[in-house]
Structures are given as structure tokens and as C-alpha cells.
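Notes to accompany the following structure.
Values in this text are rule-based calculations from the coordinates and carry no lab data. As the structure is a prediction and not an experimental result, all values here were calculated from the model. Here the Cβ positions follow ideal geometry from the backbone for every residue, glycine too, while neighbour counts run over all protein chains shown.
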Amino acid sequence: MNKIRLLLLVFLIISIAGCTPKGCSFLPKTSLTIVQYHLEKSVDEEGVLTAQIEGVARNDGSAKLEYAEVIGKFYNQDGTLLAIGVARTVSEEGQSFPLDPGQIWEFTISYSSAAREVHPSLKILSYHLEKDSSEAKIVGQAQNDGDVMLSFAQITGNFYQGEAHPSLAILSCNLEIDGSSAKAVGGVQNDGDVMLSLAQITVTFYDVADSELATGTASVVDLEVGGTREYTVFYPGSYYGEVDHVIAEVTSTEYDEEETLLASSTASTTDLEVGETWDFSILYPKENYEKVEHVTVEVTTVDSAEEKYYEPAEQVDHVTVKVGTLKGSTVMP
């Protein structure tokens with residue numbers, strides 16, 4: 001008899017808890033079903049196009065929903081996610097609108113575009129040098145390949161002369177011996193077509209048998225085209241009396257590549273729309289245009305009026321919705 005009472009007591013406790021050996025099936029069930037939804041676009045009183053999701057949901061559970069939400073996502077034609085919005089059964093003032101089992105809820109999710117960083121950019125599509133009997137100019141095309149209108153853009157063109165031919169000629173090299181030393185003294189000339197920023201002269205000292213005794217070097221800097229310079233190289237050995245003759249040679253010549261740059265000039269434009277192309281022209285600013293043999297261009301400035309931009313509602317092409325968080329009453333209806 002006591003065993004029967006014990007079993008009845010256990011069954012009673014399980015029943016009160018709403019559970020059976022197969023699971024807890026006596027508790028109210030929370031469920032929300034999206035019955036329908038669609039994308040709605042309209043123009044407001046100020047003429048601005050707006051987009052929103054309008055839909056209907058139903059409480060299909062056995063529990064009263066104290067709180068429910070539906071999440072909507074807005075996409076453009078390429079499938080890029082533009083924004084995410086949420087509809088809740090709570091007003092902006094915090095007032096709750098619970099849903100009884102079977103009750104219908106008409107929800108609205110408005111499109112709110114998030115601010116995005118702008119990426120101004122200008123791409124050089126093509127360019128070439130044009131010369132005629134009176135001028136030289138760079139003609140080319142560029143495109144706004146960024147994501148925002150360019151309020152100002154500038155391209156710099158560089159005009160260069162032909163390929164440089166650095167050269168240094170040895171004009172003379174004489175051996176001088178006095179009571180304490182031997183040295184080679186001579187002159188050089190820049191016979192190339194570009195200023196030499198640095199050149200090195202190597203002198204070899206020989207004895208009477210034409211055997212090499214030692215070498216020494218001298219350097220010249222910033223030697224203009226056609227300019228001459230004297231050099232002196234002292235014998236670096238101990239017994240200078242053995243030196244019979246010397247030979248000088250140029251072992252290196254260096255020049256600043258910018259020396260071949262004849263001039264630079266710019267072209268600019270304003271209000272260049274995204275994707276729009278710009279046909280630019282940069283005129284050589286000097287008179288010796290016949291020296292220009294090749295050119296280069298580079299984008300030097302791109303400015304946009306906006307630091308951030310918003311995807312307009314026109315970009316919204318399709319939407320999706322899903323049920324978010326649900327909070328149901330544990331009290332049986």
C-alpha cells in the first residue's frame with residue numbers, strides 16, 4: 001500500500017512540473033510564424049524614396065508571447081547586404097504589446113542605411129605624348145573608380161628628355177715627382193649629355209718595367225655638361241722613387257635621374273561622378289618642347305566633399321525576414 005502511495009506521489013509531482021518520461025510537454029510552447037511579407041517602396045512628403053518591409057506574423061504557440069521580434073535584411077541587386085532592421089512588440093516608449101496564442105501581428109521594418117567610409121580614387125586609364133610643330137602635351141583618360149563623387153582631382157604630368165648618356169673624358173694625366181712624393185695630376189671633362197653628380201677616376205702607377213706598383217683614386221662631383229675639372233692622385237706606396245709613369249681611367253659615372261626631367265605640369269577637374277571618365281590634357285610649360293621624348297603621369301590629389309555616405313533606398317532590391325528572440329509566459333492560457 002505504501003508503494004502505491006509513493007508511486008502516486010511521484011506521478012503527482014511530475015504532473016505538477018509539467019513533465020512526463022518523454023519530456024516536458026505540459027509547459028506552454030512559444031512559437032511565431034511569418035505568414036507573409038513584402039518590400040514596399042514609397043515617396044514621402046519631401047520627395048525622398050523610402051523602403052520598408054511590411055509583413056504579418058502569427059503566434060502559433062500555446063504560450064502568450066510577452067516579447068517577440070522579427071529580423072529583416074535589405075539587399076541590393078548584387079546580393080550585397082545593405083542594412084539590418086528589427087521589428088519588436090515593444091514601442092519606442094517602452095510599452096509592450098503581448099501576443100495571445102493565435103493572435104496576428106502586423107509588423108513594419110524600415111530601411112535605415114548605415115554610414116560607410118568613402119574611398120575616393122582616380123585611375124589612369126591611358127596616356128601618351130603628342131608633339132607637333134609648336135607644342136608638346138600629354139593626352140590621356142582617367143576614371144573615378146572610387147565609391148564617392150570627386151569634388152576635386154589632379155593629375156601631374158612629367159616631361160623628360162631622351163635617355164641620358166653620362167660620360168667623362170680624361171683630358172690629361174701627368175706624373176709629378178718632387179723631394180717627398182709622387183702624384184698624378186690631370187684634367188677631365190664632362191662630355192656626356194647630363195650633369196654628373198659623382199665620377200671616380202682611378203690612376204695606376206707603374207715602374208720602368210711597366211709593372212703595376214699601386215693605384216689611387218680621385219672623385220669629382222656636380223660636374224655640368226661640358227664642364228672641366230682638375231684632379232690629383234698621390235702615390236699611395238712607400239717608395240715613390242720607383243714610379244716611372246701613370247695611366248688614368250674613369251671607373252664610374254653617376255647622375256641624378258631627375259636631371260632628365262625637363263618640366264612638370266598639372267591638369268585638374270571637379271565634380272567627377274562615380275564611374276565617370278575624364279579626358280585630360282597637360283601642356284608642356286616651356287619653349288624647348290622639341291627636347292621632350294617621353295612622359296609619365298600620376299594622380300597627385302583626390303578630394304571628396306563627403307567623409308561618409310549612405311546607400312540610398314533606390315539600391316534596395318530584395319529582402320529576407322526571420323523570427324528573432326521570443327519570450328513567452330509560463331502561465332497556462
* Considering the dipole of the range 169-254 built from charges on the beta carbon (Lys and Arg +1, Asp and Glu -1) around the Cα centre, which of Gly192, Gly226, Ser180 is farthest to its positive end? -> Ser180
* Structure fact -> Longest principal axis of the chain (C-alpha) makes with the long axis of helix 2-17 (C-alpha) an angle, in degrees to the nearest 10, of 60 degrees
* Gln200 to Ile84: extension gain in nm, 0.36 nm per residue of separation minus the Cα-Cα distance? -> 34.8 nm
* Exposed GluC sites (Glu not before Pro) absent: longest stretch of the chain, with sites in DSSP loops and at most 15 other Cβ within 10 Å deemed exposed -> 164-223
* Among (1) 1.00; (2) 1.46; (3) 1.13, which one is Rg/Rh (Cα atoms, Kirkwood Rh) computed from these coordinates? -> (2)
* **Pairwise label distance in nanometres, Thr270 with Leu49, each label 7 Å out on the Cα-Cβ vector** => 2.9 nm
* For the pair Ser219 and Thr296, what calculated FRET efficiency results from E = 1/(1 + (r/R0)^6), where r is the Cβ-Cβ distance and R0 = 22 Å, to the nearest 0.05? -> 0.10
* Rounded if a/c is under 1.5, else prolate if a/b is larger than b/c, else oblate: which is the range 230-312, with a ≥ b ≥ c the root eigenvalues of its Cα gyration tensor? -> prolate
* **Low-density loop cleavage sites - chymotrypsin sites (Phe, Trp or Tyr not before Pro) in the range 86-193, where at most 13 other Cβ are within 10 Å (DSSP)** => none
* GNM top mover of Gly157, Gly140, Gly102 - the chain, alpha-carbon springs below 10 Å -> Gly102
